[in-house]
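Here is the structure we will look at.
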């Protein structure tokens, strides 16, 4: 459907753009790259599990991510792993990690590096 509901197009995912121009963005991405799904030998960022990295002017970091499947055995632990990786970065004030299932993760969300590592290229 393309009917507008406020600023949001009905049926479109409610994912915000990342703050790629923030001075902390690159270090937050690198911290996310240190977190791995224990069942897949590729970091969560290159797997495409991190949808949004939002950094406030006060340096609060909000990560919106998904998992490869709703039944992922580490679903309850992975947000803490990300917070533990990002929280100690110089300049980061606070970290919040939210999991979303919309849009659902798909293999097309992986980086070329991840596809190569997993033998899909």
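Here, each number is a calculation from the coordinates, and none is a lab measurement. This structure is a prediction, so every number in the text was calculated from the model and none was measured. Cβ sites come from the backbone with ideal geometry, for glycine too, and all protein chains shown count toward neighbours.
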### Query
How big is segment 15-117 by Rg and Dmax over its Cα atoms, in Å?
12.9, 37
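Can you sort 101, 81 from fewest to most other Cβ atoms within 10 Å of each residue's own Cβ? All intermediate terms of the calculation are to be shown ahead of the outcome.
On the way: 101 10, 81 18.
Starting with the residue having the fewest Cβ neighbours, the order is 101, 81.
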### Query
Hey, what did the chain get for relative contact order, percent, Cα under 8 Å, at least 6 apart?
26
### Task
Arrange the following residues from fewest to most other Cβ atoms within 10 Å of their Cβ: 35, 92.
92, 35
#### Entry: Most fluctuating residue given options 69, 85, 31, as computed from a GNM of the chain linking Cα atoms under 10 Å
69
### Task
Please report, to one decimal in angstroms, the Kirkwood hydrodynamic radius of segment 11-69 built from all distinct Cα-Cα pairs.
12.2
## Note on the structure
Across 71, 87, 48, the residue with the highest GNM fluctuation in the chain (Cα network, 10 Å cutoff) is 71
## Note on the structure
Cβ density ranking, 10 Å radius, fewest first, applied to 67, 89 yields 89, 67
## Note on the structure
Among 29, 61, 50, the residue with the largest mean-square fluctuation in a Gaussian network model of the chain built from Cα contacts under 10 Å is 29
